[in-house]
Amino acid sequence: MKQATAQRDFPQTSKQADHRTSFAARLRRDKWLYLLLLPGLLYFLVFKYVPMWGVLLAFQNYQPFTGFLKSEWVGFEHFRLFFNNPEFFMLLRNTLLLSFYNLIFFFPAPIILALLLNEVRLSFFKRTIQTMIYVPHFISMVIVASLTYVFLTTEGGTVNELLFQYTGNKIQFLSDPSWFRPIIILQTIWKECGWGTIIFLAALSAVDVEQYEAATIDGANRWRQLWHITLPAIRSTIVILLILRMGSVLDNGFEQIYLMLNPLNRSVGEVFDTYVYAMGITQGAFSYSTAVGLFKSVVGVTLVLGTNWLAKKFGQSGLY
């Protein structure tokens, strides 16, 4: 019986040895490719995976003097305090509204712009436009906020000076809460819309030109070609980017919000990102702010998984 068992186990052991040998052979053969991969792996290991141990602070009453290992464990106490905080629903409302407006107005903007650029036939003009719309992505958000102040301030702002010249009135763009969200959305569209077209233009470049030629012969106009050829060609790309976008629903970006925030528009501008900074950095509540950040991460992962499931349920290709 033992001999038969050994005979049965031998092929499996042999296969495992062959697998290890083949992996070692591939490693020697493609050593330079693996070497190029190493910096990326180290980046994710050092800056993404190692800091994950920091989420344990959310379950501790962390004190810098006692250290990470000796701080008192409090379980879900910080989460309870956060959910019972009177500001929780204000933060949730502001964050979700900004994400909703970004999803409605910003997410389709690169798609529409890419479709328009795809219709341009003069290559020089197309490349010039692409260069111009890519540039804002490389401008610091501090510069964008400064430009916004220069244009919209009531003290010599270009827009308000024109309004005063033609209407005799000025608008408090920077302090009126009703203008905060539109300004944030317009900043995002201006800065990132052009950069977001890159992936859609890459997807459009893979469309077979013969499909357009056949559609033209069949009498389809440009709108019909757009609806029946172009959009279906980039549908999977749109779905994947939408799934990834859902993962950042509670992540509005700290820098942009913080630069545009002031005491007069805080009621509509304070979001989870700025709240974490205020509690963790300015007030030293490290464990409490970590709990808020962990809540954001859990919600983001849940939305990604849920959106991916829905996409596959409706017959679309998901992330996995």
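Considering only Cα atoms, the convex hull volume of region 75-177 works out to 210 Å³ per residue. GNM remark for the chain: springs join alpha carbons under 10 Å apart, and the peak mean-square fluctuation among T274, T148, T282 falls on T282. For Q60, what charge total do you get from the other residues with a beta carbon under 11 Å from its beta carbon, if Lys and Arg give +1 and Asp and Glu give -1? Overall, the nearby charge balance is -1.
The simple spin-label model puts a point 7 Å past each Cα toward its Cβ; for S140 and L310 those points are separated by 3.9 nm.
Multiplying the residue separation of Y149 and A202 by 0.36 nm and removing their Cα-Cα distance gives an extension gain of 15.5 nm. Our coupling estimate for region 190-199, obtained by passing each phi through the Karplus curve with A = 6.51, B = -1.76, C = 1.60 and θ = phi - 60°, is 5, 7, 10, 4, x, 5, x, 6, 4, 5 Hz, Gly and Pro reported as x.
Solvent-accessible area of the chain (1.4 angstrom probe, protein heavy atoms only): carbon and sulfur portion equals 69 percent. Between the entries (1) 49, 33, 17; (2) 43, 37, 19; (3) 27, 23, 21, the label attached to semi-axes √(5λ) of the Cα gyration tensor in Å calculated for this structure is (2). Taken per residue, the accessible surface of region 77-314 reaches 56 Å², heavy atoms only and a 1.4 Å probe. If you plug the beta carbon distance of V298 and R26 into 1/(1 + (r/R0)^6) with R0 = 41 Å, you get a FRET efficiency near 0.65.
As a quick test, which of the pairs K48/K191; K48/K70; K126/K296 have an alpha carbon distance above 30 angstrom in this structure?
On the way: K48/K191 26 Å; K48/K70 24 Å; K126/K296 40 Å.
K126/K296, as the Cα separations exceed 30 Å there.
Summed over qualifying helices (DSSP H, 4 residues or more, each -39500 (n - 2.57)) and divided by its residue number, the chain shows a 222 nm mean residue ellipticity of -21000 deg cm²/dmol. Label positions at F76 and L42, each projected 7 Å from the Cα along the C-beta direction, are separated by 4.1 nm.
Dipole of region 77-314 computed with +1 at Lys/Arg Cβ and -1 at Asp/Glu Cβ about the Cα centre; of I240, I129, L117, farthest Cα towards the positive end is I240.
Considering only A285, A202, A25, the mean-square fluctuation computed in a Gaussian network model of the chain, springs between alpha carbons under 10 angstrom, is largest for A25.
The values are calculated or read from the model by the stated rules, or taken from the named source; none is laboratory data. Remember, predicted model here, so these are calculated numbers, not experimental data. Don't worry about glycine lacking a Cβ; one is built from the backbone with ideal geometry, like all the others, and counts go over all protein chains shown. The area values use the complete protein model at the heavy-atom level, side chains included, leaving out ligands, DNA and RNA. Shrake-Rupley method; radii C 1.70, N 1.55, O 1.52, S 1.80 Å.
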